[in-house]
Every structure is written in C-alpha cells, then in structure tokens.
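Some notes on the structure that comes next.
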Amino acid sequence: MAASAHRSTSTSMALSLFLLATIAFSSVTAQSSSSCASHTFSSSQLYGSCATLPHLGTTLHYNYTAAGNTVSVAFRAPSKGAGWVAWGLNPNGTGMVGTQAVVAFQHSNGSLVAYPTVLDSYAPSMAPADAAELGFPVSDVAAEYAKKGGEMVVYATVALPGKGSKFNHVWQQGSSVVNDVPAAHPTTGDNILSTGAIDFSK
C-alpha cells in the first residue's frame, strides 16, 4: 500500500512538472510570436506570418500565396549600417553552397543596394545575378535601413521552385563591404549555424 501511494505521488509530481514545463514553453513561444508579429514596417506592408530565427538576432516575415506558390518576404537583421545582410533558399541542400539569396548593403555613394545573387561556392562572387543565372524567379527586391532600430530590412518576392512550400533557408550578415562588394562573413559561432527549414504554408 505504501509503495503504491509512493508511486502515485511520484507520478502526480512528474505530471505536474510536465504540465508546468509545457505551459512555460507555450508562454515563451507565444511571446516570441507576438513580438515578431507586432513589428511594423515603414511601408506599412503587413505580413501574415513571421519567424524569429535562432541565430544572428534575425527575423523573417512572409506572405505565402498557395495559388502561385510564391512568397513575399521581409528579412530583418541587426546592422550598424557598414556591413551587409542576406537571406536565401537552398532547394537542393542544407548549407550555403547552392543557395540563391538576396543581399543588401550600403553602397559607397550612400544609397542602399539590394539584389539577388547565387552562392555557388564557399567563396562566391556576391555579384548581382541576372534572370538567366537564377534557378527560380525573384522580384520586388528592395532594402531599407532602420537607423532607430539599428537593422537592415531586405524585401523580395520569390517564385518557389517545385510544388512544395517547405524549404531549407540560409541567412547571413557580414561586417564589411569592400569596393562595393560584400566581404566574407565570420566562419565561427552563429555565422556558421544560420541555416534551417521553413514551411511557408504555416
């Protein structure tokens, strides 16, 4: 009888701890989602979904259109104005090589530059890619620098390759631009962990 009562008490305590952990996790998730969704853009553009990405303090906002399998995105990354930021999709792998990205930085003439580029090696040119070089169409590419929040925002509309809505994506930031070309990013810490999977339909 005593052993049975002991097992019952232990089970109840374990269940209580599990429920408390679940509630705490749900609370954190809800707060993160709420914080992400409450962001407003200078263009007043609204995005129905967003994801706080796990590395580099970045956030991805998006609107997915199932009928045409396209997604309009706004990628936000911390920036001091001197470096560059990028976000892209890798339809055939999980890392950097093979990614088609949109990159943004401040040009030496003071203007913001944003364009699609192809990361075809671990030392890509980071040069603008024309339509013939792209594996899938990208349009409406633009960028803005929010000095108040200290972040760069890159906008784009992507015609997703294939028929699915789940893809591997890669995001990145570098601290310098040399001769109006993004220089190599650090190869340690969060900079080599900034990859993941995303389902735009969710």
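The values are calculated or read from the model by the stated rules, or taken from the named source; none is laboratory data. This structure is a prediction, so every number in the text was calculated from the model and none was measured. All Cβ positions, glycine included, derive from the backbone under ideal geometry; neighbour counts span all protein chains shown. Surface accessibility is based on the protein's heavy atoms, side chains included, excluding ligands, DNA and RNA. Shrake-Rupley method; radii C 1.70, N 1.55, O 1.52, S 1.80 Å.
Remarks
- Of all residues assigned to region 108-116, none qualifies as being closer than 23 Å to residue 193 by Cα and in a loop (DSSP other than H, G, I, E, B).
- Verdict on residue 140 being modelled with pLDDT of 95 or more and exposed (fewer than 15 other Cβ atoms within 10 Å of the Cβ): yes
- In summary, residue 169 fulfils each of the numbered conditions (1) part of a loop (DSSP other than H, G, I, E, B); (2) closer than 17 Å to residue 63 by Cα; (3) not aromatic (Phe, Trp, Tyr) with the single exception of condition (1).
- Selected residue [hydrophobic (A, V, I, L, M, F, W, C), touching a Phe, Trp or Tyr at 6+ places or on another chain (Cβ under 9 Å), open to solvent by less than 30 Å² (accessible area, probe 1.4 Å) and under 19 Å from residue 167 (Cα atoms)] from 85, 103, 97: 103
- Note on region 107-131: residues that are closer than 23 Å to residue 95 by Cα and open to solvent by 70 Å² or more (accessible area, probe 1.4 Å) amount to 7.
- Region 145-171 - residue that is surrounded by fewer than 19 Cβ atoms within 10 Å (Cβ to Cβ) and touching a Ser or Thr at 6+ places or on another chain (Cβ under 6 Å) and, of those, nearest to residue 54 (Cα to Cα): 168
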